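Written out below as structure tokens is the structure these notes cover.
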Amino acid sequence: MAGEARSSAHNKSNPTSLRLSADLERRLRHLAALKGTSYQTLMKEFVLERVYEEEKRLGVV
């Protein structure tokens, strides 16, 4: 049970703010629509993938 509490706390999202150019937002929205998801979800996936790649490159994971 303690592992479940820790797991759900680990997955909690924190709101953040990011300024994007109008063109980048338009492109993100277009890609998200093609994938059937929201652009915020798509951005979160992109950031997660990039962080993982950097961690691999630096030998963190």
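Details
- Other residues with beta-carbon under 15 Å from the beta-carbon of Arg50 carry, at +1 per Lys or Arg and -1 per Asp or Glu, a net charge of -2.
- Taken along the Cα-to-beta-carbon direction at a fixed 7 Å, the label points for Leu31 and Glu54 span 1.6 nm.
Coordinate-derived values only; no laboratory data. All figures in this text were calculated on a predicted structure; none of them were measured in a lab. FYI the Cβ positions are ideal-geometry reconstructions off the backbone, even for glycines, and counts take in every protein chain you see.
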